[in-house]
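Notes for the one structure printed next.
Rule-based calculations on the coordinates, nothing more; no lab input. The model shown is predicted, which means the values in this text are computed figures rather than measured ones. Counting neighbours? That spans all protein chains shown, and the Cβs are built from the backbone with ideal geometry, glycine included.
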Amino acid sequence: MANKFVKLGNIKGKPISEIVKKVGKPNSISAMAGGQLYQWIKTSIFFGSYHYGISVDADGNAIGYTHQYTK
């Protein structure tokens, strides 16, 4: 999963629909002030874990990462 996010490069201003097409559906979409928070999360003691969070503005464009964790 980390490779998919790395290949995105700078996400600021990219439409979240474009990001989802490239990395897959998020596990969670939450409301936040001025937009939404998209999160991709997997926890596993045997196969690796990750947590990526992207804040998105009211127009559906990425503001930036809130979480970037891979183990």
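Summing charges over neighbours of K4, with a neighbour being any other residue whose Cβ is under 11 Å away from its Cβ, gives +3 when K and R count +1 and D and E count -1. Placing one equal scatterer on every Cα of the range 2-70 and applying the Debye formula, the log10 ratio I(q)/I(0) at q = 0.22, 0.28 Å⁻¹ is -0.92, -1.41.
Over the chain, what is the relative contact order in whole percent, taking alpha-carbon pairs under 8 Å and six or more residues apart? In percent, rounded to a whole number, it is 29. Straight-line cross-link partners of K12 among the lysines, defined as a Cα under 21 Å from its Cα and at least 8 positions apart when in the same chain: K4, K21, K22, K25. Charges were assigned to the Cβ only: +1 to each Lys and Arg, -1 to each Asp and Glu. The resulting dipole of the chain about its Cα centre is roughly 320 debye.
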